[in-house]
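The structure appears right after this line, and notes come after that.
The values are calculated or read from the model by the stated rules, or taken from the named source; none is laboratory data. No experiment lies behind these values; they were computed from the predicted model shown. Neighbour counts are summed over all protein chains in view; Cβ atoms, including those assigned to glycine, are modelled from backbone coordinates with ideal geometry. We work out accessible area using only protein heavy atoms, side chains counted, and drop any ligands, DNA or RNA first. Shrake-Rupley method; radii C 1.70, N 1.55, O 1.52, S 1.80 Å.
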Amino acid sequence: MSQAKVDRNKEQKANRKQTVARQKRQHTLTIFCGWALLVAVLGWAGYSAYGIYQSNQPAVYTDLTSINDYVSSLSDSE
């Protein structure tokens with residue numbers, strides 16, 4: 001082996017602990033960001049699906065004429 005290759009291997013061996021720690025941090029950050037992205041996409045899809053489901057439901061209207069008649073009869077009696 002050439003002297004340059006030996007020196008390079010010694011330098012890599014000396015910095016191996018920092019290199020491995022950096023790789024582990026990058027791997028953990030990648031996994032975390034992947035899960036966060038997955039949760040965000042699934043949450044958005046669920047929210048959109050619920051909105052579509054709610055918009056397809058028939059609107060419920062209540063007949064308030066009897067209540068209006070009762071309230072108007074109360075104000076007329078005074």
Quiz item: Any idea which of ALA4, SER72, GLN57 is furthest toward the positive side of the dipole for the chain, if Lys and Arg beta-carbons carry +1 and Asp and Glu beta-carbons -1?
Solution: ALA4
Quiz item: So, how do all the Cα-to-Cα distances of the chain break down into 10 Å bins, in percent, from 0 on up?
Solution: 14, 14, 13, 13, 12, 10, 8, 6, 5, 4, 2, 0
Self-check item: Under 14 Å, Cβ to Cβ, from LYS13 - net charge with Lys/Arg +1 and Asp/Glu -1
Solution: +3
Self-check item: Residue-normalised accessible area of the chain, given per residue in Å² at a 1.4 Å probe
Solution: 97
Practice problem: Just the number, please: carbon plus sulfur as a percent of the accessible area of the chain, 1.4 Å probe, no ligands or DNA/RNA counted. | Solution: 62
Quiz item: Which value, in debye to the nearest 20, gives the size of the charge dipole of the chain about its Cα centre, when Lys and Arg are +1 and Asp and Glu are -1 at the Cβ?
Solution: 2100
Self-check item: Projected label distance in nm at ASN56 and SER75, using a 7 Å step from Cα toward the beta-carbon
Solution: 4.3
Exercise. Just the Kirkwood number for the range 33-78, please: inverse of mean 1/r across all distinct Cα pairs, in Å, one decimal.
Key: 14.8
